[in-house]
1. Can you run the Rg to Rh ratio on the range A:175-234? Use alpha carbon positions and the Kirkwood inverse-distance Rh.
2. Near A:Leu186, within a Cβ-to-Cβ distance under 14 Å, what is the net charge of the other residues, with Lys and Arg +1 and Asp and Glu -1?
3. In µm²/s, what is D for the range A:217-272 at 25 °C and 0.890 mPa s, where D = kT/(6 pi eta Rh) by Stokes-Einstein and Rh is the Kirkwood radius from Cα pairs?
4. At 0.36 nm per residue, and after removing the present C-alpha to C-alpha distance, how many nm does the segment from A:Lys491 to A:Tyr176 gain when stretched out fully?
5. Where in the range A:391-431 are there GluC sites (Glu not before Pro) that are in a DSSP coil and have at most 11 other Cβ atoms within 10 angstrom of their Cβ?
6. Give me a comma-separated list of calculated 3J(HN,Hα) values for the range B:291-305, in order, Karplus coefficients 6.51, -1.76, 1.60 applied at θ = phi - 60°, integers in Hz, x for any Gly or Pro.
7. Give the long-range amide H neighbours of B:Val318: residues separated by 5 or more places, or on another chain, with amide H under 5 Å away, using H modelled in the peptide plane at 1.01 Å from N.
8. Starting from the Cα gyration tensor of the range B:162-291, take the square roots of the eigenvalues, sort them a ≥ b ≥ c, and report rounded, prolate or oblate (rounded when a/c is under 1.5, otherwise prolate if a/b is larger than b/c, else oblate).
Amino acid sequence: MGRMGFSPKHACLTDEKDPNRQKITNLTSCLLVSCQLNLHCEVRPPFSSKFPLPFFPSLPIGTKATKMSTAFSAANFSTQSFPLNHTSTTSHDSPLVFAKPTSQFLRSTRKLRLSSSSKLNLNRRSGTVVAVSDVVKQKKSKSTPTLLITKEEGLELYEDMVLGRAFEDMCAQMYYRGKMFGFVHLYNGQEAVSTGFIKLLKQQDSVVSTYRDHVHALSKGVPARAVMSELFGKTTGCCRGQGGSMHMFSREHNLLGGFAFIGEGIPVATGAAFTSKYKREVLKEADCDHVTLAFFGDGTCNNGQFFECLNMAALWKLPIVFVVENNLWAIGMSHLRSTSDPQIYKKGPAFGMPGIHVDGMDVLKVREVAKEAIGRARRGEGPTLVECETYRFRGHSLADPDELRDPAEKAHYAARDPITALKKYLTENNLASDAELKAIDKKIDEVVEDAVEFADESPVPPRSQLLENVFADPKGFGIGPDGRYRCEDPKFTEGTAHV
Amino acid sequence: MAAIFQGVGAAATLSSSPSNSFVPKKFLTSPRRSFSVRKVPSYVVVRSDGSVNFDLNSKSRRAQQLVANAVATKADSSAASSSSNPGHELLLFEALREGLEEEMERDPRVCVMGEDVGHYGGSYKVTKDLAKKFGDLRVLDTPIAENSFTGMGIGAAMTGLRPVVEGMNMGFLLLAFNQISNNCGMLHYTSGGQFTIPIVIRGPGGVGRQLGAEHSQRLESYFQSIPGIQMVACSTPYNAKGLMKAAIRSENPVILFEHVLLYNLKERIPDEDYICNLEEAEMVRPGEHVTILTYSRMRYHVMQAAKTLVNKGYDPEVIDIRSLKPFDLYTIGNSVKKTHRVLIVEECMRTGGIGASLTAAITENFNDYLDAPIMCLSSQDVPTPYAGTLEEWTVVQPAQIVTAVEQLCR
């Protein structure tokens, strides 16, 4: 540990028996990685011969057991090179040099940093210690119970995850009944990531997703009715039936899509983060601290757009969090077979941002990491790359026979079902009773059934809708032979005009 | 009729002419155009239906003066100004910059993104000094990542800004095709109208002077099928500034095609604020015998050929279509109805180019009015060679245009 600025053990865990301290271990390790911008964490997770990448063994969520910290514990750290400081000579580390503020832009960035939380002082080397011990002190002084969430938060998280699960199960049913068509990609098993992150956002914060976007939409606040109608292709859908499963948008809830091609949404998310920065610095809306989350999968992390956007986001310190939902499979391509270095979180420091790896089947851990990452972005400290190890219980889409994945692997992750885990946590810690949780289950069932009914009864889009939204300004269809704009043609509004 | 052409043929192209006073009184008013109006042309653009009462004499002479060469390098005492409105003279790239600067002053949400647009001032100086004036965030120097920064522009447009994305060369936007096609064109529709994308994507394209194949691409044909976008091509300082401003103000995504060889064209443009309608074509030279449809740099090859044709006794009507998507079928149709013969001259490739679409559109709508099959002169379907002689033979030259018109009018 000599080379490190500090050791997590030293920072907070001198007393292994104190449950409060122990619990901080995971948080610490995450914070450790997160606060150090130039950190290159060489932790090697335990590789089992059976499964590809079980970074974490199956353990109850929020667990305080020492095993959970294996991946990040001090013991592991000590065996790895751990360059924390600027003068490291490893190739991974490029010293973070502050460019001389030769322009307004760079100057303004600097100002932001100076005005950011005083806890994180500008001396990067020691920043972490301050943050961690501050957190520790905070936690101690609050003298709250040693739990990560309150009852209200717990129930909110539970309800959101159950909504996601029940909704997706209903989607499958409806698909096989012929109510929806095309490509439908279900999110079963990954709910912890969506809930863990999105429930920390404000309405003005933006979310950009992929084709696996139903649950992101639901977590962001888009009503289940609107999503289900969209899937049925009805005009009451959130996109008037024009988008479909893979293109969920909501202006009201700042859900910027829904993209069918992987990697396509990441630049859009970068743009939304750019707008947030622009609003604050150019338009002088000083309190604009909107954050953008970009969700994408392991396959996307081999795509050029991913790397280009990591570079730009870090370069301009955009308020964005890149969330990798690493479910180990891109349709039938295993992450290990397609990636030279499968540890995606390591790619963050290469661009000058923290890279964190977290157990994506544990909503509480995800939430803790998310708090830090989103907080960083809000304070103007720049982007973070968070890799969530998660798993989809179903196939890639409803058309995928899902024959390639090892049943043992599926069973391994099924045992770590995030909903079951949270339920256990809530009941064991007396945050909620079985009855309360069952009531939530029932309520969600009703919501989903109501959504299906609503979608069923909604009308299909009429022909007149065909040409309406092609252009924001329909003069874009041009001038017809008769000298009038085509959009003035009555047939245009009927949808029968020839354009 | 003879008198007109006599005057044209004899006059030196750059002689000062009395045409300074030719502009009828009604066009002395502000050239500002409103969107819905096709009845109030500026004094530079003359609609075919409005031109009948014009002083054709000086108008055609003025048109000849405006285009001495395919690429104007000398100062042109443009007659487009009137005594009460002197205007100011500038080069095309300065006109673009002026338009951009005015829009950035007018609306703080307008920003520029591209490679070397900030400190370098733009590879063709269109954004020169804008970064000093507006700051590094509003005139953003991006890394070399076209796909991603175009996507970033789209994301910014969705969330309230009005970005102008510059492709250093239009050909580089091939790398951004994913974002332009999937997101730029489609997101307004797939979101059910919730998000507008008021982005402008601009850059120089076209065949230059021995720039090689990859820097001489014409992307208008590749982009034209994308639903949801508009494409315009500028050709004079006047319409460059006007189209730039209109594109920025438009709520639709607009791709503005500039041409590498036209950046140094000089013209006198009005001092007042004006825009050019994005969907309209421009009447360059009214005529009776044949309609020549063209855009961008080929406009100058056509005008050069027109000089020869006029000497030979032909009266071509030259229309700069300007709006590549959608086509202004009204102006084009009126012209076709008048002349019954159409020649399309473009720099695009032959296969699947703008000319091909235009031919189809005209045939569909105005077949009855045609006396002869539409002729389309396009570049050869050849990667633009480096050698100057070969390069010359890939694009349409004025001599070919003259031959084509003679053939058409036989």
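1. Values: Rg = 12.3 Å, Rh = 12.5 Å.
Expressed as Rg/Rh, it is 0.99.
2. Values: positive: A:Arg165, A:Arg212, A:Arg392, A:Arg394; negative: A:Glu168, A:Asp169, A:Glu191, A:Asp213, A:Glu325, A:Asp400, A:Asp402.
Here the count lands on -3.
3. Numbers: Rh = 11.3 Å.
Taking Rh from Cα pairs, D becomes 218 µm²/s.
4. Details: separation 315, 0.36 × 315 = 113.40 nm, distance 3.72 nm.
Extending this stretch completely gives an extra 109.7 nm.
5. Numbers: sites: A:Glu403, A:Glu409, A:Glu428; in loops: A:Glu403.
Listed in order of number, the matching sites are A:Glu403.
6. 9, 10, 9, 8, 7, 6, 5, 5, 4, 6, 5, 5, 5, 5, 5
7. B:Val284, B:Arg285, B:Gly287, B:Ile292
8. Details: a/c = 1.71, a/b = 1.25, b/c = 1.37.
In terms of gyration-tensor shape, oblate.
Each reported figure results from applying straightforward, stated rules to the coordinates on display, with no laboratory input. Quick caveat, the model's predicted, so the values are computed rather than measured. Please note: Cβ atoms are built from the backbone with ideal geometry, for glycine as well, and neighbour counts cover all protein chains shown.
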